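Student: Just dropping this structure here.
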2 protein chains.
Amino acid sequence: MTDVATCTETVPMPLPAPSPFAGLSAFPLTPVRDGRLDEDAFAGLIDRLVAAGVDSIAPLGSIGCGPYFSPEDRAEVARLTVDRADGIPVTIGIGALSTRDVLTNAEAAAAAGAAALLLAPVSYHPLTETEVVELFRAVTSASGLPVIVYDNPTTTRFTFTTELYARLSEIEGIAAIKIPGLPLSPADWQERVAGIRQATGGRVAIGVSVDAYGAEGLIAGCDAWFSAIGGTIPAPMLAITRAIQAGEAERARELAVHPQPLWDLFSAHGGSLRVGAAIAEHLGLVTGDCLPAPLKGLSTEDKRRVASVIDDLGLS
Amino acid sequence: MTDVATCTETVPMPLPAPSPFAGLSAFPLTPVRDGRLDEDAFAGLIDRLVAAGVDSIAPLGSIGCGPYFSPEDRAEVARLTVDRADGIPVTIGIGALSTRDVLTNAEAAAAAGAAALLLAPVSYHPLTETEVVELFRAVTSASGLPVIVYDNPTTTRFTFTTELYARLSEIEGIAAIKIPGLPLSPADWQERVAGIRQATGGRVAIGVSVDAYGAEGLIAGCDAWFSAIGGTIPAPMLAITRAIQAGEAERARELAVHPQPLWDLFSAHGGSLRVGAAIAEHLGLVTGDCLPAPLKGLSTEDKRRVASVIDDLGLS
């Protein structure tokens, strides 16, 4: 994706859009109402992302709660998204506990017209490295779509090493790696991204996740920001992304500091999921608690706090 | 289940068999062959447990890989087990990521004639305590079958506190708690079980899991040993259980020390799952790798080591 010779560049080299591996990839919620997929609310979320002009749309990732939905619902979400995406590339999260379901989801995503697949090694029994490699091989062998390796230790309890990134990057069909954001200094971020770029020989794009670190990841040379909050509040995240793509790192950092109270809420509530759902509810994008059971929304008091932070920050 | 007044007894008071909450509850593998449920091999495993005379049979738990199978396969496993169990009580593991699937599994278990349900709070997004309580409430409200709370932090990443055990024990329909085994001294085991018994007011049975600690857990007053290895090698585990039920703690400890090399293998391979599958293969109970993908069997070399330990110990 990116030439090895550019691995020490500090100014990122964005891939030509539209690509599911560059710029802002927005991860929408998959709202549930009365125990069923709320197709109307979901369609509204996609329309919002299209209107904002995000670079790609990625439903059924972690905030999209992919693993909680049946293969049938997941196929429906894939179809709905591609139908409304107005040509914006769509990445479909296909992670599931069984390889059988993962392959079913991959097939449905391809049938719907997705541009890429996102695969987290979902686990009940913690997986071995060999099992994870075989899982990615199973998908790349079965599907013609490019695959994004989704490294999310909080949800999968699997720890990828840089050596494993390198090994996976050699599999035909692996197109990108979604790395977890970390609280590093700008210099350490650059070293980290350069190290992954070198280890993977420039064969794959690199995307950063965990929204509080999106800006620093992009500034350090990541190709994409896989953004959970960008699926609900796309405009401010897009402004940060565009600033970085224009080489204006300092302006991007200023824009990225503004939502700090929001990042603090994510930390306080174990990530973006429940806070993101509360934001969507506050903005009238979903009706009431919209997460699939057993997941629940925040308490009324915590929802009120989220609403006040969103209003104070002027986010919408 | 057990009177509060007996909570400091050191000699366990077994419940009258047959009960899914007393004695040895054996957890069979759910063998897969060519990507499909191997019904013949599974039937053979159940027949073996019936012949050994275990106190209850619990398929689709952790070693039974319940969460990896489709609701249809799980219903089939429930039917097959009850049909062949010859009157031995059957507990069905119903854990799944979504509450919807959990309830579907509970209904299928009841329709099959199961005696109890075993529910682990399976997670992708780590669950909050409120979410776990609501999950158990959803199942006890929907099903007339008694429910065993399955505390398995390794697979669920959820940590139960004794206070939460107490809270759950007050829910009508919660009949037992399956606690994780720990490397404690006999005195600390007794204190732990007595503490849980007191906190739960004797309203629920207590079962111990993690096979290396099964004997000590029973000696300390647990009502049941929920045994993974007992699903594949029932006789030696039953001998330990019967010795404890007869009040012969020292003889039970001697019997339980004998398989120490096996417990060491479990530790070396992250639990009983992959070693258990290798044992079943070595004993000719399943054909080749029998775990559902992405889970894989041990390497050929590790399988050989398991086989030699089993042969040296004279286990079969």
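The values are calculated or read from the model by the stated rules, or taken from the named source; none is laboratory data. This is a predicted model, so every value here is computed, not measured. Neighbour counts are summed over all protein chains in view; Cβ atoms, including those assigned to glycine, are modelled from backbone coordinates with ideal geometry. In case anyone asks, the SASA skips ligands and DNA or RNA and just uses the protein heavy atoms, side chains included. Shrake-Rupley method; radii C 1.70, N 1.55, O 1.52, S 1.80 Å.
Student: Out of all the residues in the range B:169-182, is one or more at negative phi, within 11 Å of another protein chain (Cβ to nearest Cβ) and among the acidic types (D, E)?
Tutor: No; the residues of the range B:169-182 include none that is at negative phi, within 11 Å of another protein chain (Cβ to nearest Cβ) and among the acidic types (D, E).
Student: Please count how many residues of the range B:128-152 are over 22 Å from B:P20 (Cα atoms) and open to solvent by 20 Å² or more (accessible area, probe 1.4 Å).
Tutor: The number of residues fulfilling the criteria is 4.
Student: Can you tell me which residue is farthest from A:D151 (Cα to Cα) among those in the range A:20-41 that are away from every other protein chain (no Cβ under 14 Å) and out of contact with any Asp or Glu (no Cβ under 9 Å at 6 or more places or on another chain)?
Tutor: Ranking the qualifying residues of the range A:20-41, first place goes to A:D40.
Student: Quick one: A:L295 ticks every box in (1) out of contact with any Pro (no Cβ under 9 Å at 6 or more places or on another chain); (2) surrounded by fewer than 19 Cβ atoms within 10 Å (Cβ to Cβ); (3) in contact (Cβ under 8 Å) with a residue 60 or more places away in the chain bar one, so which box is it?
Tutor: All conditions pass for A:L295, except number (2).
Student: Something else about it: Suppose we filter the range A:239-298 for residues that are of a type in the set (K, R), under 19 Å from the mean Cα position of the chain (by Cα) and within 30 Å of B:A96 (Cβ to Cβ); how many remain?
Tutor: 1
Student: Can you tell me how many residues in the range B:59-77 are assigned to a helix (DSSP H, G or I) and facing chain A (nearest Cβ under 8 Å)?
Tutor: Matching residues across the range B:59-77 total 2.
Student: A further question follows. Can you tell me which residue in the range A:275-296 is farthest from the other protein chains (Cβ to nearest Cβ), limited to those that are under 22 Å from A:M237 (Cβ atoms) and touching an Asp or Glu at 6+ places or on another chain (Cβ under 9 Å)?
Tutor: A:H282
Student: Same structure, new question: If you take the residues of the range B:78-102 that are surrounded by fewer than 19 Cβ atoms within 10 Å (Cβ to Cβ) and charged (D, E, K, R), which of them is farthest from the other protein chains (Cβ to nearest Cβ)?
Tutor: Among those residues, the one meeting the criterion is B:D86.
Student: Give just the number: which of (1) more than 14 Å from every other protein chain (Cβ to nearest Cβ); (2) open to solvent by 20 Å² or more (accessible area, probe 1.4 Å); (3) among the small types (G, A, S) does B:S272 not satisfy?
Tutor: (1) is the only condition that B:S272 fails.
Student: Being under 18 Å from B:D83 (Cα atoms) and surrounded by 18 or more Cβ atoms within 10 Å (Cβ to Cβ) narrows it down to one residue among B:F69, B:F21, B:F27; which is it?
Tutor: Unique residue meeting the criteria: B:F27.
Student: Given the conditions (1) crowded, with 24+ Cβ neighbours inside 10 Å; (2) closer than 25 Å to B:A277 by Cα; (3) small (G, A, S), and given that B:A212 satisfies all but one, which numbered condition is not satisfied?
Tutor: Status for B:A212: all satisfied but (1).
Student: Same structure again: Where the second residue is part of a strand (DSSP E or B) and the first is of a type in the set (D, E, K, R) and lies in the range B:49-73, which pairs have Cβ atoms under 6 Å and are six or more apart or on separate chains?
Tutor: B:D55/B:G23; B:D55/B:L24; B:D73/B:L37
Student: For the list (1) surrounded by fewer than 22 Cβ atoms within 10 Å (Cβ to Cβ); (2) in contact (Cβ under 8 Å) with a residue 24 or more places away in the chain; (3) among the β-branched types (V, I, T), I need the number of the one condition that A:V193 fails.
Tutor: In the conditions (1) surrounded by fewer than 22 Cβ atoms within 10 Å (Cβ to Cβ); (2) in contact (Cβ under 8 Å) with a residue 24 or more places away in the chain; (3) among the β-branched types (V, I, T), A:V193 misses (1) alone.
Student: Give the residues of the range A:154-167 that are within 14 Å of chain B (Cβ to nearest Cβ), farther than 14 Å from A:L97 by Cα and at pLDDT 95 or above, sorted by residue number.
Tutor: A:T159, the sole residue that qualifies.
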